[in-house]
Amino acid sequence: MSSRCPYAHAAVVQPDPCTDYLALKEVAPVHRDEVLGVWFITGTEQVGELIRHPALSSAWPERGRTVLHDGADAANAGGRTADTVRRWFMFNDGTRHKTLRGLVAPLFSASRLARLRPFVEEQIDDMFTGRPGRIDVMADLAVPLSSRVICRVLGLPAEIAPRLEGWSQDIAALLVADYLPEVSRRGDLALSQIQHAVGAALGSPDLPPDSGLALLKKAQESGEADEADIEAIAGLIVYAGFETTSTFIGKALRSVLHAGAWRDLRSADPATAVEELLRFDTSVRQIARVATAPITLDGQRIEAGDLVLLMLGAANRDPGAFADPDALRLDRSIRKHLAFGQGQHYCLGAGLARMEVQIVIEKISRAWQDVRLVEPPTTRLHFGIPVLERLELEVS
Ligand code: HEM
């Protein structure tokens, strides 16, 4: 490998968040992995072109298969993954996507987010109160914060929050490895447990009137969506909103420590810093699409039916789009990065995620003068997906 991580000397903060990105710089921006039969797109320009391409569909959980699915004991003979997942508007195109997305879009309006802000602040204060000089960023801050916020947004009871982590991991595994019977079983179980929790909250007299589920209930009553759609949308918000944010909070702090930039963070504008941290190491490193017609790009021909992975994290390290892309500069002014995607499927919760992480940065940079890693962060593989499990810090 010719590229080097600019912070390679900081051995203590391994695993290195730059490694995977640097490895991807070694392949062409439009590259087909012949073993998996999947396309990897790593250039900013190429990802930008394909993410809006009319011949690339988001319905890959229904239509996209890798060679690993061939010969697998297909529990889902009619298509991949569970029916509920195939209903998620994230995995639909055109009018169906637009209509279902529109039902929950009001949940993320500026005025709703402003009303949610005191709740987020309260949660973080509560997590810090009485805490001695050590903190595991994942277990003590990122996971409880992100899960409580999702429960609050949807109107699920707060006692459900601790279950979101297990559910999200099992659904994430289902999306990438549904050819394994154990993954399929666990993913289906997680989805049915979410469905049960959603059903119970929808039928409860305590459902908060300004919650996401109350909004969805009204849509069901007015015939804008059926019961299965409502359950699917709620499940999507749980999945898309929880793990993405909790992992990003952990990764953001890991990146700051890896780059030795704690002092820079304390003096940075939190809004500017969050954009650079999203660019530097995001939690959604890749998104998938399936081609519905042949596409030619950079002299390569993508065939109808091919799976295409748009590598958002790698594209955010493209030197053609960002000067000195492997350096973390918390005052970098970024016009556009790809961490939240682009176009029709642009992250619906981007404003909420930004708000949560900005508040975390504001509060910790005020409260902590100095921060030291107690031991290298722990990352665990969950059916092939790296999960940032522990990030233990000594703070003063
Ligand atoms: C740092 C945190 C987050 C990151 C990095 C992130 C990233 C993304 C990305 C890249 C997409 C585009 C998917 C695609 O084009 O296929 C997306 C879509 C989505 N995100 Fe996020 N997300 C985050 C937080 C959230 C939160 C907090 C919520 C809600 C509570 C949320 C809800 C959604 C939904 C519903 C979609 C589907 C949008 C559509 O298909 O129209 N996300 N997110």
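Since every read-out is calculated from the coordinates, none of them should be taken as a lab result. These figures come from a predicted structure and were not determined experimentally. Heads up, the Cβs are rebuilt from the backbone with ideal geometry, glycines too, and the neighbour counts pull from every protein chain shown.
Averaged over all directions, how much area does the convex hull of the C-alpha atoms of the stretch 11-357 cover when projected, in nm²? Walk me through the numbers on the way to the answer.
Working: hull surface 74.2 nm².
With the hull built on Cα positions only, its mean projection is 18.6 nm².
For a quick protection proxy, order the peptides 356-365, 24-33, 122-131, 277-286 by their average other-Cβ count within 10 Å, most packed first.
Working: 356-365: 20.8, 24-33: 17.0, 122-131: 13.1, 277-286: 22.4.
Ranking the peptides 356-365, 24-33, 122-131, 277-286 by packing returns 277-286, 356-365, 24-33, 122-131.
Which cysteines in the chain lack any other cysteine whose Cβ sits under 4.7 Å from their own Cβ?
CYS151, CYS347
Output the peptides 153-163, 225-235, 136-146 sorted from most to least packed, where packing is the average of other Cβ atoms within 10 Å over each peptide's residues. Walk me through the numbers on the way to the answer.
Details: 153-163: 18.5, 225-235: 20.5, 136-146: 22.5.
Going by the mean number of other Cβ atoms within 10 Å, highest first, we get 136-146, 225-235, 153-163.
Mind ordering 257-270, 370-383 by average Cβ neighbours within 10 Å, highest first? Let's see the in-between values first.
Values: 257-270: 17.9, 370-383: 14.6.
Highest to lowest by the protection proxy: 257-270, 370-383.
Take every Cα pair under 8 Å in the chain that's 6+ residues apart, average their separations, divide by the length, and report that relative contact order as a whole percent.
Values: 616 pairs, mean separation 102.2, N = 396.
For the chain, the relative contact order is 26 percent.
Counting only DSSP beta bridges with both residues in the chain, tell me the antiparallel percent, nearest 5.
Working: 24 of 28 bridges.
Rounded to the nearest five, the antiparallel share is 85 percent.
In the chain, which helices (entire DSSP H runs) extend 30 Å or more along their own long axis, judged by Cα positions, while averaging at least -0.5 on the Kyte-Doolittle scale?
Sorted by number, the helices that extend far enough and score high enough are 181-202, 227-258.
Note down the nm distance, to one decimal, between modelled labels 7 Å out along Cα→Cβ at GLN220 and at ALA323.
Placing both labels 7 Å beyond Cα along the Cβ direction yields 5.4 nm.
Starting from the Cα of PHE128, step 7 Å along the direction of its Cβ; do the same at GLN342; then give the gap between the two resulting points in nm.
Label at PHE128, label at GLN342, 3.7 nm between them.
Pick out, in residue order, every one of the chymotrypsin sites (Phe, Trp or Tyr not before Pro) in the stretch 296-355 that is DSSP loop and has at most 13 other C-beta atoms within 10 Å; say none if there are none.
Passing sites in the stretch 296-355 are TYR346.
In nanometres, what is the gap between the two model label sites at ARG115 and ALA304, each 7 Å from Cα along Cα-to-Cβ?
4.7
Can you give the FRET efficiency for LYS98 and VAL176, using 1/(1 + (r/R0)^6), R0 = 30 Å, r = Cβ-Cβ distance, to the nearest 0.05?
FRET efficiency, LYS98 to VAL176: 0.65.
The stretch 85-224: D in µm²/s via Stokes-Einstein (Kirkwood Rh, Cα pairs, 4 °C, 1.567 mPa s)?
Rounded to a whole number, D works out at 76 µm²/s.
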